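Notes to accompany the following structure.
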Amino acid sequence: MARALINVPAAAKRGEIIEIKALAQHNMETGYRRTQLGGLIPRDIIRQFVCTYNGVEVFRAEFHPAIAANPFIAFWTVAIESGTLAFTWTGDNGYSVNESKSISVG
Amino acid sequence: MRRIVVAALVCVAANAAGEDSIPSSLTGAKGDPVRGRAIVTNRQVGLCLLCHSGPFPEERVQGDLAPPLNGAGRRLSEGELRLRIADSARINPASIMPAYFRTEGLTRVAPAFEGKPVLSAEQIEDVVAFLKTLNE
Amino acid sequence: MRNSVLALCAAAIAIPAFAAEIPLAERRSGYDFMSRETRTMQDDDTANPGMLWVLDGEALWKRKAGVADRACQDCHGDAGTSMKGVAARYPAFDAAHGRPVNLEQRVNACRVDRQKAPPLAHESRDLLALTAYVGRQSRGLPVAVPIDERTKPFLDAGRGTFFRRQGQLNLSCAQCHDDNWGKRLAGSVIPQGHPTGYPLYRLEWQGVGSLQRRLRNCIVGMRAQPYDFGAGEFVDLELYLMWRARGMKVETPGVRP
Amino acid sequence: MNKPNSRRNFLVAAGGLAAGIALPATVAAQMPGAPAATQEAIRRMVGTARINKGKVTLDLPALVDNGNAVSLAVRVDSPMTESEYVKAIHLFTEKNPQPDVASFHLGPRAGRASIATRIRLADSQAVIAICEMSDGSFWSGSANTVVTLAACLEEI
């Protein structure tokens, strides 16, 4: 099933600054909500998002419960060479998702 | 308590169509304007600010479906306010304003609210007493 | 006597023209009442969280299911062509049931009859995903529910529900969405209530939901007893709402506050 | 369906946190006006460093449709070169039950010091962005927003 939706330009010029958008499927349960019976719903969130470019970390984010459900993040990176952008989301209860996109830089 | 409510409901029903006022208190006593203000501004109890606005600077979001409550106490007598809250359909059958003290003639009322008026007689008297203080 | 006549006259003057249907040219999607940020969320497929459900729906469309071991695709082929415009025509008359059925019911009929699989639960992720995926194929196309002698009685029943006052607060759909759209109910602008984006991602839900879930929200707000998911009254109301939105563009998956 | 009302619980929790906590004077000097819990969270992130005003632009709609997903963008005035770049951007709120929102780690490879995300806001309040530069300096920007509560909720 769709765990994430990532948008990276398929091709870019060397040195071009490209925008990357990533949307992950996750409820981001805050840990502050209660059921109708009054019980606290335990926190269950994505804690970290990492983007690597040919193995080198170019962007990282740490999330707290105030990040909206189905976390969306947009950021920029310089297209330096052809290769792979890898995305990793990790979080509570062993949550871990890996996705990758290839980019051709000319 | 229950007897008072039933008696008061009858009292509203006895108010013939065409009259513009319920002159006497639904409880026989004066309401408390401080409690009335709390009811008016509570979105789950009075619901007033969903449609009306009024002199409540602490309430950021107020509705504009219905006339502002400002000056309600100057425009309308206590009895006129009481009728408009209890059963505004008597003044305008097409009004969007719910009848706060009528339980008959309603359709598909949720079980949790079946047979209950939106506000009790005491609460309506509190609201009337509060609205009467709105002179500007 | 004279007094009561005068009072009646005054009452008559006080009654505004009410419950008039919105002229076709003045209809506006709920999209038009949203903030720029929320509109952007809907417009940009890479930022629209509803697209996560659409992607799930695409996977389900291709996945074999049931005793028949058949996928939607095995009968319908590429959804991009076979499902184009379909959601814009629902609810549609179903001969087997002798009444209109909505898209959720259509999907489930296929599952039971063709795939020999159990029906998907109302508001389940899979049913929302499949309807979002099918709905997505009609994006940009005009809503066009066919009204004929078979569907007309159900359309009229739905119209009746739309104008009927209900609940402890004694409100009708029409009082808000025909008579008072554009005004504010507390902080929220009242839209006209055109169901052009369903199933849609509602920020309030933090997820995707069906039109019937949304209708239940309104009915609970009126303090009325909601109809059960899939109830005939609900489908008739859906049919009326879609007819009322005829010609407007499908936005699925929409985003709303 | 068991859908609890998140915002109401959020608000209750926020009220508890807003109760005053005595703070060292240095922290209060870093972010005057911010509630104690927010100041405390900022201090944990930046230590005792001075926080300058400026260089950080926080885009937040003045009025939001729903506090469950508020679009937010941060831009920092930086050339983003090997020698001068943004290391991190931290977001804090004033009235959420927990003031920390997120931290974003950038570097010269970002090319542009700009991020966008969507956050939850329990109530109308200020959001604060603090940026850590490659030279070790801290800069801040903030924005206020009014959160509209939905009129018709699923459960009452």
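The values are calculated or read from the model by the stated rules, or taken from the named source; none is laboratory data. Predicted model only: the values in this text are computed from it and were never measured. Cβ coordinates were reconstructed from backbone atoms using ideal geometry, including for glycine residues, and neighbour counts include every protein chain displayed. Side chains included, ligands, DNA and RNA excluded: accessible areas come from the protein's heavy atoms. Shrake-Rupley method; radii C 1.70, N 1.55, O 1.52, S 1.80 Å.
Taking the criterion of being at pLDDT below 95, surrounded by fewer than 21 Cβ atoms within 10 Å (Cβ to Cβ) and more than 11 Å from every other protein chain (Cβ to nearest Cβ), would at least one residue in region A:89-106 satisfy it?
Yes: one or more hits.
Does residue D:109 meet the test of being in a strand (DSSP E or B), within 14 Å of another protein chain (Cβ to nearest Cβ) and open to solvent by 10 Å² or more (accessible area, probe 1.4 Å)?
no
Looking at (1) buried (at least 23 other Cβ atoms within 10 Å of the Cβ); (2) more than 10 Å from every other protein chain (Cβ to nearest Cβ); (3) more than 17 Å from the chain's Cα centre (by Cα), can you tell me which one residue D:79 breaks?
(1)
This table checks each residue for (1) touching a Ser or Thr at 6+ places or on another chain (Cβ under 7 Å); (2) away from chain B (no Cβ under 14 Å); (3) open to solvent by less than 20 Å² (accessible area, probe 1.4 Å).
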| residue | (1), (2), (3) |
| --- | --- |
| C:74 | no, yes, no |
| C:82 | no, yes, no |
| C:88 | yes, yes, yes |
| C:93 | yes, yes, no |
| C:96 | no, yes, no |
| C:110 | no, yes, no |
| C:121 | no, yes, no |
| C:124 | no, yes, no |
| C:130 | no, yes, yes |
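For residues that are within 14 Å of chain C (Cβ to nearest Cβ) and either in a helix (DSSP H, G or I) or within 30 Å of residue D:65 (Cα to Cα) (or both), tally how many sit in region B:80-93.
9
Of the conditions (1) over 13 Å from the mean Cα position of the chain (by Cα); (2) in contact (Cβ under 8 Å) with a residue 40 or more places away in the chain; (3) open to solvent by 60 Å² or more (accessible area, probe 1.4 Å), residue B:29 satisfies every one except a single condition; which number is it?
Checking residue B:29 against (1) over 13 Å from the mean Cα position of the chain (by Cα); (2) in contact (Cβ under 8 Å) with a residue 40 or more places away in the chain; (3) open to solvent by 60 Å² or more (accessible area, probe 1.4 Å), the one that fails is (3).
Scan C:77, C:57 and give me the residue that is within 30 Å of residue C:150 (Cα to Cα) and either among the β-branched types (Val, Ile, Thr) or at pLDDT 95 or above (or both).
C:77
Mind counting the residues in region D:112-125 that are surrounded by fewer than 22 Cβ atoms within 10 Å (Cβ to Cβ), facing chain A (nearest Cβ under 7 Å) and closer than 27 Å to residue A:30 by Cβ?
Residues that pass the stated criteria total 1.
Just give me the residues in region A:88-104 being hydrophobic (A, V, I, L, M, F, W, C) and in contact with a Gly (Cβ under 8 Å, 6 or more places away or on another chain), in sequence order.
Answer for region A:88-104, where residues must be hydrophobic (A, V, I, L, M, F, W, C) and in contact with a Gly (Cβ under 8 Å, 6 or more places away or on another chain): just A:103.
Considering only region B:67-79, how many residues are part of a loop (DSSP other than H, G, I, E, B) and surrounded by fewer than 17 Cβ atoms within 10 Å (Cβ to Cβ)?
5
Give the residues of region D:48-76 that are outside any strand (DSSP E or B) and more than 14 Å from chain C (Cβ to nearest Cβ), sorted by residue number.
Within region D:48-76, D:48, D:49, D:50, D:54, D:55 meet the criteria.
Give the residue, chosen from B:45, B:12, that is closer than 23 Å to residue C:165 by Cα, within 13 Å of the chain's Cα centre (by Cα) and modelled with pLDDT of 90 or more.
Exactly one of B:45, B:12 is closer than 23 Å to residue C:165 by Cα, within 13 Å of the chain's Cα centre (by Cα) and modelled with pLDDT of 90 or more, namely B:45.
Hey, any hits in region C:160-167 for a residue that's more than 28 Å from residue B:41 (Cβ to Cβ), in contact with a helix residue (DSSP H, G or I) (Cβ under 6 Å, 6 or more places away or on another chain), within 14 Å of chain B (Cβ to nearest Cβ) and open to solvent by less than 40 Å² (accessible area, probe 1.4 Å)?
The answer is yes, given that some residue of region C:160-167 is more than 28 Å from residue B:41 (Cβ to Cβ), in contact with a helix residue (DSSP H, G or I) (Cβ under 6 Å, 6 or more places away or on another chain), within 14 Å of chain B (Cβ to nearest Cβ) and open to solvent by less than 40 Å² (accessible area, probe 1.4 Å).
Take residue C:68 and tell me if it is away from every other protein chain (no Cβ under 14 Å), in a helix (DSSP H, G or I), surrounded by 14 or more Cβ atoms within 10 Å (Cβ to Cβ) and touching a residue at least 40 places away in the same chain (Cβ under 8 Å).
Criteria not met by residue C:68.
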